[in-house]
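What follows draws every value from the coordinates through simple rules; no lab data is involved. These figures come from a predicted structure and were not determined experimentally. We place every Cβ from the backbone using ideal geometry, glycine too, and count neighbours over all the protein chains shown.
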Amino acid sequence: MTPEELTDWQTSALRTVLGHVYDKSPFYGRRLAGVNLDIKELTGLADIPFTTKDDLREAMHDMLSGTVADAAFYFETTGTTGRPTPCPRAPIDFDLNVLPLAHALDAIVRKHFTGTEERPVLAVVAPNDVHAACLSLSFAAKQLGIAKLDLFPITPTLGFARFFEVLVELKVNMILCSPGLLMALAEMSSTYGVEVPEDLSVKVLLTTGEMCSDGMRDLLAQTWHAESYNFMYGSQEAGCPAVTRADGTVMAVEPTYLLEVLDLETEASLGLQGYGELCLTTLVPGLKPLIRYRTGDLVEIAPDASGRRAVQVLGRVKDMTRIGGAKRSAAEIDNAILADPELIYGYEIDVFSDDGEDRLEVRAKAKEGADHDEIKKLVSGRLTAAFGVPAEVKIHPLLDLKSATGGWVSWKTARIKDRRVPEVADDIEARSAADLARAVERAI
């Protein structure tokens, strides 16, 4: 499909889905009343009202273009950042989300297993209660003839001891998991008599569920002695609008989504590429299409050599932290600290202000045998060079579990404490991150 053909398809599909939600969704019937839906060019998308997370929580089932009885499967959001919202998927929704996952998985399997006698065994380390990832990967793996198992250790039916036993017994060689939990698993494995990577057969890591910066990707690869991919970007409510290629580039899933970028200051549309907040429009007339849905995620989208759009997810917009007079993304901070993957397991960072001048304090967990003085020198030097503020690095033997599991809720909640502002008395994200950490402690 040429770029021109893709644009024509997207424009036609946009008109179709706008008519679909206007006719069938009570929420969009109200929201789009009086709006010109006969869009002739994609630039007309900017005239359509936004949909927000608050809209999803307030509208609930009125957001649907049908009823739950029309769904093939029912999922919902986790509720870690607010009220859980329904995310049922009709057959067309589910199938068109599985298809790009299957293509991406197939390319990676061919890259790593072609010409070998070893066959892929994929463990999906993610919650599977009304959650789409496990089921979607089941269908994708089945299409490709890949053995797949759900293996979430933070449940009373499994636990960490049996989790590691299964990895060893089945010679699992592919794992899909969040980056933070993968690092936590590597740290705790010796407690259960398993050394990562020596005692395992893992050769491919597929990350999802939270931002995976370049620094974190390299840290995972070095720690597990496996190739690490930022496998898929998405959410319960929006599905999967971006997946990896075998070369590690994350690509927009077109023609089933429009990935629009919004200016961070003006909220104006920058079109389908640029640096800013990701705004998604579903082009599938299914059970819960979303129109100009503000994800809250910070991205940079640019065409590759073929003209297809590559997507870099840089964290959440609200996770940006002002340091030294400039807003810094989660990815910038991650990459500055994790540039030496052979030295560090993870970190936490505090931001202070002394007489109006910012300074940073980092607590880093060193890998076994790493030179502590070298870590302090390298990390503090990079932070000061990158952000123009003094930085002190301390080596800590044990970090808060939230730094590993809290990323499911918020990267910033998990790793950064901004000491320049008062803590929020009742912060749902902080409570959710603490609840997850306690669940892990109980499972351990």
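Can you check what the net charge comes to around TRP224, using other residues whose Cβ is under 14 Å from the Cβ of TRP224 (Lys, Arg +1; Asp, Glu -1)? Intermediate results must be reported in sequence, preceding the final value.
On the way: positive: LYS203, ARG217, LYS367; negative: GLU187, GLU195, GLU198, ASP199, ASP218, GLU227, GLU342.
Here the charged neighbours net out to -4.
In the neighborhood of SER65, defined by Cβ-to-Cβ distances under 9 Å, what is the net charge if each Lys or Arg adds +1 and each Asp or Glu adds -1?
Around SER65, the surrounding residues sum to 0.
Below 28 Å, Cα to Cα, which lysines can LYS318 reach? Residues fewer than 8 away in the same chain don't count.
Qualifying lysines at Cα under 28 Å: LYS53, LYS288, LYS327, LYS365, LYS394, LYS402, LYS412, LYS417.
When we measure straight from the Cα of LYS142, which lysines land under 25 angstrom away, once same-chain ones fewer than 8 places off are left out?
LYS111, LYS171, LYS203
Could you estimate the translational diffusion coefficient of the chain from the Stokes-Einstein equation, with Rh from the Kirkwood formula over C-alpha pairs, at 20 °C and 1.002 mPa s, in whole µm²/s?
Values: Rh = 22.9 Å.
So the translational diffusion coefficient is about 94 µm²/s.
For the chain, with the dipole built from +1 on Lys and Arg beta-carbon atoms and -1 on Asp and Glu ones, taken about the Cα centre, which of THR155, GLY180, PRO49 lies farthest toward the positive end?
Farthest towards the positive pole: THR155.
Give the angle, between 0 and 90 degrees and rounded to the nearest 10, that separates the Cα long axis of helix 179-188 from the longest principal axis of the Cα atoms of the chain.
Tilt of helix 179-188: around 30 degrees.
Could you tell me, in Å, what Rg and Dmax come out for the Cα atoms of segment 1-97?
Here Rg and the maximum Cα pair distance are 15.0, 42 Å.
Tell me the chymotrypsin sites (Phe, Trp or Tyr not before Pro) within segment 128-163 that lie in a loop according to DSSP and have at most 11 other beta-carbon atoms within 10 Å.
none
Where does the chain land at 222 nm, in deg cm²/dmol rounded to the nearest 500, when only DSSP H runs of n ≥ 4 count, each adding -39500 (n - 2.57), divided by all residues?
The helix contribution divided over the chain gives -10500 deg cm²/dmol.
Please report the net charge: other residues with Cβ closer than 11 Å to the Cβ of PRO86, K and R +1, D and E -1.
Neighbourhood net charge equals +1.
Put +1 on the Cβ of each Lys and Arg and -1 on the Cβ of each Asp and Glu in segment 39-170; which of HIS61, GLY145, HIS112 then has its Cα farthest toward the positive end of the dipole?
Result: HIS112, furthest along the dipole toward the positive end.
With every atom except the alpha carbons ignored, what do you get for Rg and Dmax of segment 94-233, in angstroms?
Spelled out, the Cα radius of gyration and Dmax of segment 94-233 are 14.1, 42 Å.
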